Amino acid sequence: MEIQENIPLREHTTFEIGGVAKYFVIVRSKEELQEALEYAQTKNLAFTFIAGGSNVLASDSGFDGLVIKMALVKYSIDTEGNEIQAEAGVSLMEVIHAACSAGLTGMEPMYGIPGTIGGAVRGNAGAFGTEVLDVVSHVTAIDIESKEIRTFTNAECAFDYRNSFFKRTSKWIVLSATFSLMARDPEECIKKAKEILATRNERQIQNIRSAGSFFMNPIVSDKLQKEFEDEKGTPARNGRVPAGWLIEKAGFKGVAKDKAATGQRSSNYVINLGSATAAMVQELTLEMQKSVEEKFGVKLEREVTQVGF
Ligand SMILES: Cc1cc2nc3c(=O)[nH]c(=O)nc-3n(C[C@H](O)[C@H](O)[C@H](O)COP(=O)(O)OP(=O)(O)OC[C@H]3O[C@@H](n4cnc5c(N)ncnc54)[C@H](O)[C@@H]3O)c2cc1C
């Protein structure tokens, strides 16, 4: 375990934004994680975690403490039990590809979501109607205060829309997760995953300097849900409408402010046009929030996690 100093966070986030972390460490095992925690605790440093950095907005002034990057990257497949177990730092795409290649289906709709297993479990990541909660059987996590390691059943993870026990209770850090899948012809599985990726590319929600959807889809009034359903011909899910639909209606489709812009296709994506700062993103997203609230009386909540603010 090597503690590095003055590491630019923009190099560790898909937004490519963020100042310097005073201390930075990549942990590749449970033991290294414990060592990093001890280092921070004995030196009385503030600490925070990142993994794939695909759901993070890091401040321009960086982080005055230790950033711990989760890079535990082992996984194993049990084809008889139709399960794949992966450590927190494995990329979600790698896990889905490995599962498909082994003839295990269920996760393909999430193919293309950037980031790691740990990040996906914490935020109950999902796409095209499938979320982590639909496929995860159990999760192992560590309490960073007591160092207790515990296994959580799916129900104990208390998943909800882009939320989980681990997001609400940030002292628990995900170490690994086991996914329960079904047998299917590997070629069919891979074909489906590739189709999903093609759709994501077409919708311009792939390979961009961004952190994905900036705001969560809000729960809105029955009237607004109906308006959405009439206009789009698709049902509102659990009382929620896409934040992007409201943002677009509030006049923020493809709007650039300095070097930060909203997506041309997906207005809920905030994109770094090249040299955007966190301050520019803050300014633009506050305006988006304000306009949506004024027009619809709906307060948008961030999905993106802020580091160093
Ligand atoms: C182009 C693009 C498209 C996207 N599309 C989607 C999509 O379709 N659906 C979707 O749901 N999301 C999407 N996202 C958002 C993002 O990919 C997910 O939220 C992803 O699961 C984040 O994982 P990560 O490893 O990058 O987490 P990070 O961004 O590194 O971290 C996010 C948060 O999780 C915490 N964290 C990281 N690892 C752990 C761990 N092991 N235990 C506990 N906490 C941890 C961090 O401390 C931080 O607070 C997209 C992002 C981008 C850039």
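Just so you know, all these numbers are worked out from the coordinates, no wet-lab data involved. All values derive from a computational prediction rather than experimental measurement. We place every Cβ from the backbone using ideal geometry, glycine too, and count neighbours over all the protein chains shown.
Let me check I've understood the local charge: for Ile190, count other residues with C-beta under 13 angstrom from its C-beta, Lys and Arg +1, Asp and Glu -1. What total comes out? Intermediate values should be presented prior to the final figure.
Values: positive: Arg184, Lys191, Lys192, Lys194; negative: Glu108, Asp185, Glu187, Glu188, Glu195.
Residues near Ile190 contribute -1 overall.
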*Measure of size requested: the Rg and Dmax of the range 75-196, with Cα atoms as the atom set and Å as the unit; please supply both.*
13.7, 45
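Report the net charge of residues surrounding Asn6, where surrounding means a beta-carbon distance below 12 angstrom and charges are Lys +1, Arg +1, Asp -1, Glu -1. Mind showing how you got there, number by number?
On the way: positive: Lys22; negative: Glu5, Glu11, Asp64.
Around Asn6, the charge tally is -2.
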*Compute the distance in nm between two label points, each set 7 Å from the Cα along the Cα-to-Cβ direction, one at Ser29 and one at Glu148.*
2.6
*Could you work out how far apart the two model spin labels at Ile208 and Thr42 are, taking each label as a point 7 Å from the Cα in the direction of the beta carbon, and quote it in nm?*
4.6
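Compute the FRET efficiency between Gln264 and Glu94 as 1/(1 + (r/R0)^6), taking r as their Cβ-Cβ distance and R0 = 35 Å, and round to the nearest 0.05.
Numbers: r = 29 Å, r/R0 = 0.84.
Efficiency for this residue pair is about 0.75.
Based on Cβ point charges of +1 for Lys and Arg and -1 for Asp and Glu, what charge dipole magnitude is obtained for the chain about its Cα centre, in debye rounded to the nearest 20? Can you show the working numbers first?
Numbers: 35 positive and 41 negative charges, 147 e Å.
My answer is approximately 700 debye.
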*By a straight-distance test (C-alpha under 23 Å), which lysines pair with Lys43 as possible cross-link partners, with residues fewer than eight away in the same chain excluded?*
Lys22, Lys30, Lys69, Lys147, Lys171
*When Rg is the radius of gyration of the Cα atoms in the range 208-307 and Rh is its Kirkwood radius, what does Rg/Rh come to?*
0.98
*Considering the chain, which cysteines have no disulfide-compatible partner, defined as another cysteine with its Cβ under 4.7 Å away?*
Cys157
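Please give the charge dipole size of the range 4-70, origin at the Cα centre, charges +1 on K and R Cβ atoms and -1 on D and E Cβ atoms. Round to the nearest 20 debye.
Details: 6 positive and 9 negative charges, 16 e Å.
Roughly 80 debye for the range 4-70.
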_Listed residues Ser29, Phe214, Val281: farthest to the positive end of the dipole of the chain (Cβ charges)_ = Val281
*asked:* Taking 2.2 N^0.38 Å as the expected size of a compact globular protein, what ratio does the Cα radius of gyration of the chain give against it, to two decimals?
replied: 1.01
*Could you give the semi-axes, largest first, of the ellipsoid that matches the range 184-258, computed as the square roots of 5 times the alpha carbon gyration tensor eigenvalues and rounded to whole Å?*
28, 20, 10
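Figure the gain on full extension for Lys226 and Ser61 (residue separation times 0.36 nm, minus the Cα-Cα span) and round it to one decimal in nm.
Details: separation 165, 0.36 × 165 = 59.40 nm, distance 4.33 nm.
Using 0.36 nm per residue and subtracting the Cα-Cα distance, I get 55.1 nm.
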*Inter-part distance where the range 253-309 and the range 43-71 are each reduced to a Cα centre, Å*: 21
